[in-house]
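Report on the structure given below.
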2 protein chains.
Amino acid sequence: MKKLFHKAQQKRVYQDVVNQIQEAILDGEIEAGSKLPAERSLCEMFQTSRGTLREALRILEQKSLIEIRLGTNGGAYVRDVNGELMAENLAMLIHSKAVSLAHLAEFREGVEATVGGLAAQRATSVDCEELHGLLARAERFRDGGLEQWDSFVRVDEQIHTAIARIAGNPLYSFILKSVHDNIHRYYDKFLFVGSQELEENYQDLAAIITAICDHDSAAAASLSKGHVHRFAVYMKEKLR
Amino acid sequence: MKKLFHKAQQKRVYQDVVNQIQEAILDGEIEAGSKLPAERSLCEMFQTSRGTLREALRILEQKSLIEIRLGTNGGAYVRDVNGELMAENLAMLIHSKAVSLAHLAEFREGVEATVGGLAAQRATSVDCEELHGLLARAERFRDGGLEQWDSFVRVDEQIHTAIARIAGNPLYSFILKSVHDNIHRYYDKFLFVGSQELEENYQDLAAIITAICDHDSAAAASLSKGHVHRFAVYMKEKLR
DNA sequence: TGACACTAATGGTTTAACCATTATAATGTT
DNA sequence: AACATTATAATGGTTAAACCATTAGTGTCA
C-alpha cells in the first residue's frame, strides 16, 4: 500500500470508495492475503466518515473481495478472487424456487458431460496418474462399506473437481463448484445410498477415468452424463 | 408487511437484519416491487441504530434483492430474484484475469450446444412461430446492411435468449444472460463485422431454428456450437 | 395553462462517544 | 524454566443526534 486512494467523490460516496478498492484488488495492486489499513486510517485517506466507509467495506465483503476479522490484528484482509457469488446467487435462486432440484440436476448433466469430453482431449499422463490415485482411494473406501460412505463421497467430489481442472477452463471449475456446494447445502440430508449404489458409482468413475485417459472424448462425455443422471435419479427418489 | 421482524440478535447485528429480510423476500412473504418501511421505521422494528441498519441494506442491495431510491417515495424496493450476482462475479473473474476471453467463448460453446439440443427436444409449435418471427426480423435487418448491424445484433441476442427459454431450464437462461452481458461489457468495442459475416450469421441462425423446429436435437446442438465458435473466432481476430 | 417555487418525506453523511473481541505482552505461579 | 493468568491496546461493532441532498407532489402566479 503506497500512495493509492484519492478523496471519495460522486453522489454516493461509499460507491466511489468501493470502486477504488475493488479496482485495486482486481488489478492486482493489492495482494491477496494482505491487510487494508484500519477503518479509521481509511477514513482519513478517503476523507470520509467511518459510517460511510463501513458501508463500503460491507459491500466489498459481500462481494467476497475482502474478509473482515475482529480484535487485534483484525481488519479487512484481501481474499483471492473466487466464485462464491455464483454459489450464493444459485442458492438464492433455489431458495426462492426460481430453480428446482430437477433444473440443477439437468444443468449439471450437461456441464459434466462437456467437461468430461474436454478433459479427455486434454488430459496429460500426469493428470491420469492423479485420477488413478484418487480412484484407488475411492476403491478403498468402497471396500470399507457404508461406514466409509462419507469418505467415498468426498473422494467422488475430488475426482469431479480434478476432471474440471483437467478440462482446462476455470469457468467450468467455478460453476461446478457452485453446483456441488448447493447440492450439498440443500440435499445432503436426503442422500443415503446402499452398497449396491456405492458399487455402481465406483464403476461409473472407473469407466469415466478410463475413457479420459484413453482420450476418448465422446465416451467420457456420455459416461459422465450417465453418471450424473443416475445420481439425479437417486436424489429425486429420495425427495419423493 | 404485517407484524414481521423481531429484534436483531447475534454477534453482528446487521447480519441478523440481513437474514430476516432476505428470508422474507426469498420465501415470498414480501412481494417484488413492494417497498420496505423507511430506514427510521425499520430501525424501530429491529431495535437497532440507523448506521447498523444501513449496513444491512447495503448488503441486501449488493445481493440485488432490493433497490434503494432517493427522494420522496424513495426507500428500499424489493426486486425480482435474478441472476445479476452471477454476471457480476463473472465480470470480476474476467477483470482479474482469472478467466480469459477464450475461456468465456469456450464455455459459451458448450452451453449453447446443450441448450440448442434441449430446445429441439422441447420446442412447441408456438415456440417455433416465435422463433420464425424473430428470424424474419433478423432478415429485414440483414437486408438493411451494415447500418442496421446494431439492430441485427439485438435480434440475434433475442433469438439466443428465446432458445434458452425454450430449453425449459431457467438456470441456462440466467447463465447465458451473464455470459452475454459480459461479452458486451468487455468486448463490444472490438466487434465490427462485414456484410459477409452478417450473412453467415443469419444463415447460422436460420439453420439452428430449422433444426429446433424439426426436433433434430443433434443437429441443433452441433449447429449452435458451430455458430458460437465462429463468433468466438471473430472476436479473437479482432482482439489480436 | 404552464412555469416556477415551496414543502415534506426520504436517503446520504458526519461526528463523537462507547462497547466487544482478540493477539500480544506483562505478570505471577509452580 | 515452563506454564497459566491477567492486563493492555488495537481493532471492528454499535449507538445517538444532527444536518445535507434529492425528489415527488402541491401550491402559487403570470
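The values are calculated or read from the model by the stated rules, or taken from the named source; none is laboratory data. Predicted model only: the values in this text are computed from it and were never measured. Positions of Cβ are generated from backbone atoms using ideal geometry, with glycine treated the same way; all protein chains shown enter the neighbour counts.
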Worksheet item: Mind checking whether some residue in the range A:26-41 is at pLDDT 95 or above, over 22 Å from the mean Cα position of the chain (by Cα) and surrounded by 18 or more Cβ atoms within 10 Å (Cβ to Cβ)?
Response: yes
Worksheet item: So which residues in the range A:38-60 are within 17 Å of A:Val78 (Cα to Cα) and either away from every other protein chain (no Cβ under 11 Å) or near DNA strand C (Cβ under 8 Å from one of its atoms) (or both)?
Response: A:Ala38, A:Glu39, A:Ser41, A:Leu42, A:Leu53, A:Glu55
Fill in: Count - residues of the range B:72-84 that are part of a loop (DSSP other than H, G, I, E, B), within 12 Å of chain A (Cβ to nearest Cβ) and either among the aliphatic types (A, V, I, L, M) or near DNA strand C (Cβ under 6 Å from one of its atoms) (or both)
1
Worksheet item: Being surrounded by fewer than 16 Cβ atoms within 10 Å (Cβ to Cβ) and under 24 Å from the mean Cα position of the chain (by Cα), is that true of even one residue in the range A:168-183?
Response: no
Worksheet item: What do you reckon, is B:Leu135 in contact with a Ser or Thr (Cβ under 7 Å, 6 or more places away or on another chain) and either assigned to a helix (DSSP H, G or I) or under 29 Å from B:Ser96 (Cα atoms) (or both)?
Response: no
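Residue by residue, here is whether (1) more than 9 Å from chain A (Cβ to nearest Cβ); (2) more than 16 Å from DNA strand C (Cβ to nearest atom); (3) in a loop (DSSP other than H, G, I, E, B); (4) buried (at least 20 other Cβ atoms within 10 Å of the Cβ) holds:
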residue: B:Ser64; (1), (2), (3), (4): no, no, yes, no
residue: B:Met86; (1), (2), (3), (4): no, yes, no, yes
residue: B:Met92; (1), (2), (3), (4): no, yes, no, yes
residue: B:Val111; (1), (2), (3), (4): no, yes, no, yes
residue: B:Ala119; (1), (2), (3), (4): yes, yes, no, yes
residue: B:Gln148; (1), (2), (3), (4): yes, yes, no, no
residue: B:Phe152; (1), (2), (3), (4): yes, yes, no, yes
Worksheet, complete the sentence: All conditions in (1) without any contact (Cβ under 8 Å) to a residue 12 or more places away in the chain; (2) out of contact with any Phe, Trp or Tyr (no Cβ under 8 Å at 6 or more places or on another chain) are true of A:Leu171 except (2)
Worksheet item: What is the number of the single condition among (1) among the hydroxyl-bearing types (Ser, Thr, Tyr); (2) within 16 Å of DNA strand C (Cβ to nearest atom); (3) in contact with a helix residue (DSSP H, G or I) (Cβ under 8 Å, 6 or more places away or on another chain) that A:Ser100 does not meet?
Response: (2)
